[in-house]
Amino acid sequence: MASAVDVLVALLPLLTIAVLMVGLYWPATRAMPVAWLVAIGAGLYWGMNETWIAASTIVGFITAANILWIVFGAILLLYTLKETGAFDVINQGFASVSEDRRVQVVLLVFLMGSFIEAAAGFGTPAAIVGPLLVGLGFPPLAAVVVALTGNLMAITFGAVGTPLIIGMIDIFESVTGIRTEVLAQPQFASIPEWVAQIGVFAATFHGIVGFFLPFIGVAMMTRFFGEERSVRPALAAFPLTVFAWFAFVVPYWLTAYFLGPEFPGLIGSMVGLFVTVGALKAGFFHPDDEWDFAPESRWPDHWVGDIEPGESSDRSGAVAADGGHPSHAMSLGMAWLPYALLAVLLVLTRVWDPLTTFLTSNLVLAWTDILGTGLEDDIAVLYLPGAIFVFVHLLTIGLHRMSLGEVAAAWTETGEKVTPAVIALLFAVATVQIMLQSGAAVDGDSMLIVLSEGTAGIAGAAYPFFAPWVGAFGAFLAGSNTVSDILFGTFQYGVADSIGTPRTIMLGSQAVGGAIGNLIAVHNVVAALAVVGLVGEEGRVIRLELIPLVYYATFTGLLTLLFSYVLFPGVF
């Protein structure tokens, strides 16, 4: 039985993150290195020697490098399309479907935002969709609020499944006790097979609770930014929100079940977009009346920042009033072509065995028996989605006839975007690895196991209700579903083991919780406000985002209880 001092020491790295980032508003680039130093101190108290601490840190750095390679490629492709004007063309294509703001929220925020999240992740949808909405004439504050809300269902599978692939598969494979228990189950031949089932439960939670998600985005817009300040205008769009949810969730869930955690958001959003736009163009589900914001002269000052509604910025920072791009003219099909190629290549590399074997067997940077501890990790450079993003970026240079200046600008902007994430991710993952490996180093319980047992003792059988809240707290702290899964995945496993509930269901709830926390993650909110010129309104945005957060976490918690004790108590 761990002592109170042991529990406090185990908690110190997480408390450090909470105090520095939430209490003192430190950026992750400063807070995470401090948390790593605190974790080293905790590790020394735990009995870890310098070799184990160094080896754990190296494993953390290698895992973080996997994440950063994916992030780099995803953001590079995004900025490539911004440079060529493809996003302006995509934006105009949506505007041509309907001038109704409620319809635009469903298409741009729920469906296209989910697609961007599925392809790139890491807070990019709000940073991309927000300016698109402002370009259509939304108040910047309204654009940020709805842009943060709409892509929640895709976040769990964001950046081509990174939260589950890196946040769970890589972590669980490095924890001997978990790997041994999972592989002892006859239905699982590998950790990825088990995590795929976790993804199915996560998709099931999202599919049920997300029924109201598109409507909530529309209702928040009409209630807080409409002239009437009422949800009644949103009710007229309720049939459309239900149809869009259905068009998204069916391929989303089926993809999670048959293909695994990499493609649900991509395929769900692509199919949902195609079907919903087709239905609207055929005359179905469009509200009878057209809803718009009040005239701009009646908007409160805090709704508008440095970018005026109806404007969109080009690659040089100049403003084009018609939303067009000064140097590229392309069809809607050409604008979408890079992402279509991306989706095809990602599926192909995962389902065509000869190609999969080639990519996983070549250019794999591996380190085994790190510093003699038995720890190991690797980077499959070609197989990770980062390589596919970069390959599509190279194809896009020719397809969109980019100039050398545009290519250089895309790389420069990508570097500026990724650089702050490097330090934060390196030390965040290293901190967690020290906590994870603290048990193996001393042949006893790790810090996270001690925390799990203590939490299980306090919450008891009711704990499954709190599982998504814990995941949300992790994402709030770190600004990432992936890092939340890294921070609390083994913790949730340990609690489920302690109270005798299905680990798979608990971790599915964790994966959903990590998505929920992105609604109020300080990094995401600041980034979304910055691109519309509204930095300083973080508190206002976070207060509004608490509405969908409480709804989603509460009902996911209730479903976790129902699944754990009534519907699927026999699941591993």
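The values are calculated or read from the model by the stated rules, or taken from the named source; none is laboratory data. Keep in mind the model is a prediction, meaning the values are calculated, not measured. Cβ atoms come from the backbone with ideal geometry, glycine included; neighbour counts cover every protein chain shown. Ligands, DNA and RNA are stripped out before the accessible areas are found, and what is left, the full protein with its side chains, is counted by its heavy atoms. Shrake-Rupley method; radii C 1.70, N 1.55, O 1.52, S 1.80 Å.
Laid out as a table, the results:
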{"item": "Hits in the range 389-418 - residues which are of a type in the set (Asp, Glu) and surrounded by fewer than 18 Cβ atoms within 10 Å (Cβ to Cβ)", "result": "GLU416"}
{"item": "Verdict on ASP485 being of a type in the set (Asp, Glu), surrounded by 18 or more Cβ atoms within 10 Å (Cβ to Cβ) and in contact with a Leu (Cβ under 8 Å, 6 or more places away or on another chain)", "result": "yes"}
{"item": "Selection status of ILE516, within 20 Å of the chain's Cα centre (by Cα) and farther than 25 Å from MET447 by Cα", "result": "yes"}
{"item": "Every residue from the range 1-31 that is within 23 Å of ALA440 (Cβ to Cβ), outside any loop (DSSP other than H, G, I, E, B), in contact with a helix residue (DSSP H, G or I) (Cβ under 6 Å, 6 or more places away or on another chain) and not β-branched (Val, Ile, Thr)", "result": "ASP6, ALA10, LEU12, PRO13"}
{"item": "Index of the failed condition, GLY47 passing every other in (1) closer than 20 Å to SER484 by Cα; (2) open to solvent by 40 Å² or more (accessible area, probe 1.4 Å)", "result": "(1)"}
{"item": "Residue that is modelled with the lowest pLDDT [pool: residues in the range 164-195 that are touching a Pro at 6+ places or on another chain (Cβ under 8 Å) and under 28 Å from VAL442 (Cβ atoms)]", "result": "ILE169"}
{"item": "Boolean, GLU227 is among the charged types (D, E, K, R), within 30 Å of THR373 (Cα to Cα), surrounded by fewer than 20 Cβ atoms within 10 Å (Cβ to Cβ) and at pLDDT below 95", "result": "no"}
{"item": "Answer from ILE267, ILE198 - the residue that is of a type in the set (A, V, I, L, M, F, W, C) and modelled with pLDDT under 95", "result": "ILE267"}
{"item": "First in the range 219-230 and under 12 Å from TRP299 (Cα atoms), second anywhere and open to solvent by 100 Å² or more (accessible area, probe 1.4 Å) and part of a helix (DSSP H, G or I), Cβ under 8 Å, 6 or more apart", "result": "GLU227/ARG298"}
{"item": "In the range 360-374, residue nearest to GLY177 (Cα to Cα) [restricted to those that are aliphatic (A, V, I, L, M) and over 28 Å from the mean Cα position of the chain (by Cα)]", "result": "ILE370"}
{"item": "Number of the exception - ALA521 against (1) open to solvent by 10 Å² or more (accessible area, probe 1.4 Å); (2) modelled with pLDDT under 90; (3) touching a Ser or Thr at 6+ places or on another chain (Cβ under 9 Å)", "result": "(1)"}
{"item": "Test result for PHE248, open to solvent by less than 10 Å² (accessible area, probe 1.4 Å) and of a type in the set (A, V, I, L, M, F, W, C)", "result": "yes"}
{"item": "Sole exception among (1) at pLDDT 85 or above; (2) closer than 23 Å to ILE449 by Cβ; (3) not in a loop (DSSP other than H, G, I, E, B) for MET48, by number", "result": "(3)"}
{"item": "The listed residue being of a type in the set (Ser, Thr, Tyr), in contact (Cβ under 8 Å) with a residue 12 or more places away in the chain and surrounded by fewer than 24 Cβ atoms within 10 Å (Cβ to Cβ), out of SER174, SER190", "result": "SER174"}
{"item": "Some residue of the range 460-470 being farther than 21 Å from LEU559 by Cα and open to solvent by 40 Å² or more (accessible area, probe 1.4 Å)", "result": "no"}
{"item": "Only one of VAL71, VAL109, VAL89, VAL144 that is more than 21 Å from ALA521 (Cβ to Cβ), in contact (Cβ under 8 Å) with a residue 24 or more places away in the chain and in contact with a helix residue (DSSP H, G or I) (Cβ under 9 Å, 6 or more places away or on another chain)", "result": "VAL89"}
{"item": "Scan of the range 350-372 for residues that are over 21 Å from LEU266 (Cβ atoms) and exposed (fewer than 11 other Cβ atoms within 10 Å of the Cβ), ordered by number", "result": "PRO354, ALA366, THR368, ASP369, GLY372"}
{"item": "The lone exception for SER509 - which of (1) polar (S, T, N, Q); (2) open to solvent by 30 Å² or more (accessible area, probe 1.4 Å); (3) under 19 Å from GLY265 (Cα atoms) it fails", "result": "(2)"}
{"item": "Qualifying positions in the range 270-295 - closer than 18 Å to GLY226 by Cα and in contact (Cβ under 8 Å) with a residue 40 or more places away in the chain", "result": "PRO287, ASP288, ASP289, GLU290, TRP291, ASP292, PHE293, ALA294"}
{"item": "Positions within the range 88-101 being within 24 Å of the chain's Cα centre (by Cα) and open to solvent by less than 10 Å² (accessible area, probe 1.4 Å), in sequence order", "result": "ILE90"}
{"item": "Positions within the range 180-205 being among the hydroxyl-bearing types (Ser, Thr, Tyr) and under 19 Å from the mean Cα position of the chain (by Cα), in sequence order", "result": "THR204"}
{"item": "Condition met for GLY260 (touching a helix residue (DSSP H, G or I) at 6+ places or on another chain (Cβ under 7 Å), touching a residue at least 24 places away in the same chain (Cβ under 8 Å) and on the phi > 0 side of the Ramachandran plot)", "result": "yes"}
{"item": "Qualifying residue in the range 423-432 (condition: modelled with pLDDT of 85 or more and open to solvent by less than 30 Å² (accessible area, probe 1.4 Å))", "result": "yes"}
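A quick yes/no check of all residues on (1) outside any helix (DSSP H, G or I); (2) open to solvent by 20 Å² or more (accessible area, probe 1.4 Å):
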position	(1), (2)
PHE243	no, yes
TYR257	no, yes
GLY265	no, no
GLY283	yes, yes
GLU290	yes, yes
ALA294	yes, no
SER297	no, yes
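Here is a yes/no grid of residues against (1) open to solvent by less than 40 Å² (accessible area, probe 1.4 Å); (2) touching a helix residue (DSSP H, G or I) at 6+ places or on another chain (Cβ under 7 Å); (3) aromatic (Phe, Trp, Tyr); (4) at pLDDT 95 or above:
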| residue | (1), (2), (3), (4) |
| --- | --- |
| ALA472 | yes, yes, no, no |
| GLY494 | yes, yes, no, no |
| PRO548 | yes, yes, no, yes |
| PHE572 | yes, yes, yes, yes |
